[in-house]
Amino acid sequence: MTARFAGRVALITGGARGIGRATAERFAAEGARVIIADRDAAGADDAARAIGRGAIALAVDVADAAAVGPAVAAALAQTERIDVLINNAGIVRDATLQKTSDEAWDAVLGVNLGGVFHCARAVVPHMVARGSGAIVNGASIVGVYGNFGQTSYAASKAGVIGMTRVWARELGRKGVRVNCVAPGFIATDMTAGMPAEALAGMKGRTPLGRLGTPEDVAAAYAFLASDDAAFINGQVLGVDGGLVLGT
């Protein structure tokens, strides 16, 4: 594997498991020093130890606005730079509109939308001061097409897409690119416990006939953050196996 990120530092939120863990492993394999941010402190520590190569565990709840700034400052004190921010952390609290509680709404928007905002706001001044950087936000095809029973999740991911496009306009001339990945049905802990017939339905709606893997999404994150994507800004890359609504 090429060393596209040699000498660079990547901060990855939700990095303790699933897509975030695969992303941390991918960036480390390509030469980056990774900062694994997660509210699961033990999980972040385990991931950092397993990855090695100077990986740092950063215990932080990205939904906590007051905590993110100090956490990023603490990471910078160790690494002196952050070249890449992967806003991957996310949660679901699925329910139809009439069954969506205020608590569930606040929790999902707090992590999925607020967390992206808090982390970018903390990291961007450093990137702007250096005159370079790449931010890749994790959205979802649900943020584009909607999905039954996912009011809060769809709203949060649509918001992420909107922020991505705003920031691409604001930051591009300052040397910071901002893009977005919109995964489809991905095989993670969240899907592992689903009934077999539900998983079969997901595969049946995906033209490639399978669920995506965390590594599929990690590869997209790595591409958009790399110099191979140096003229790509403000885009939403679907990683969905060619999913077409209604198939």
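The values are calculated or read from the model by the stated rules, or taken from the named source; none is laboratory data. Everything quoted here is computed from the prediction, not taken from an experiment. Neighbour counts are summed over all protein chains in view; Cβ atoms, including those assigned to glycine, are modelled from backbone coordinates with ideal geometry.
Brief remarks follow.
- Going through (1) without any contact (Cβ under 8 Å) to a residue 40 or more places away in the chain; (2) buried (at least 17 other Cβ atoms within 10 Å of the Cβ) one by one, Val244 falls short only on (2).
- Looking only at residues of segment 142-171 that are in contact (Cβ under 8 Å) with a residue 24 or more places away in the chain and small (Gly, Ala, Ser), we find that the one that is nearest to Ala198 (Cα to Cα) is Gly149.
- For segment 188-220, the candidate set comprises residues that are among the hydroxyl-bearing types (Ser, Thr, Tyr) and surrounded by fewer than 17 Cβ atoms within 10 Å (Cβ to Cβ); within that set, the residue that is farthest from Gly146 (Cα to Cα) is Thr213.
- Residues that are buried (at least 24 other Cβ atoms within 10 Å of the Cβ) and closer than 20 Å to Thr100 by Cα, drawn from segment 128-142: Ser140
- Of the helices (runs of 4 or more DSSP H) lying entirely inside segment 159-232, those containing at least 3 residues that are within 30 Å of Pro125 (Cα to Cα) are 214-225.
- Scanning segment 110-127 for residues that are under 18 Å from the mean Cα position of the chain (by Cα) and surrounded by fewer than 21 Cβ atoms within 10 Å (Cβ to Cβ) yields Gly110, Gly114, Phe117, Arg121, Val124.
- Residue match in segment 192-208 (condition: in contact with a Lys or Arg (Cβ under 9 Å, 6 or more places away or on another chain) and at pLDDT 95 or above): no
- Single residue of Phe223, Phe185 found to be within 16 Å of Asn88 (Cα to Cα) and either crowded, with 19+ Cβ neighbours inside 10 Å or among the hydroxyl-bearing types (Ser, Thr, Tyr) (or both): Phe185
- For segment 6-21, taking the residues that are of a type in the set (A, V, I, L, M, F, W, C) and in contact (Cβ under 8 Å) with a residue 60 or more places away in the chain, the one that is farthest from Ala73 (Cα to Cα) is identified as Ile19.
- Residues of segment 130-158 classified as outside any strand (DSSP E or B) and farther than 22 Å from Ala24 by Cα, total: 18
Condition check ((1) charged (D, E, K, R); (2) farther than 18 Å from Ile82 by Cα; (3) free of Cβ contacts under 8 Å to residues at least 60 places away in the same chain) across all residues:
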position	(1), (2), (3)
Thr23	no, no, no
Arg26	yes, no, no
Ala29	no, no, yes
Val34	no, no, yes
Asp40	yes, yes, yes
Ala48	no, no, yes
Arg53	yes, no, yes
Leu58	no, no, yes
Asp61	yes, yes, yes
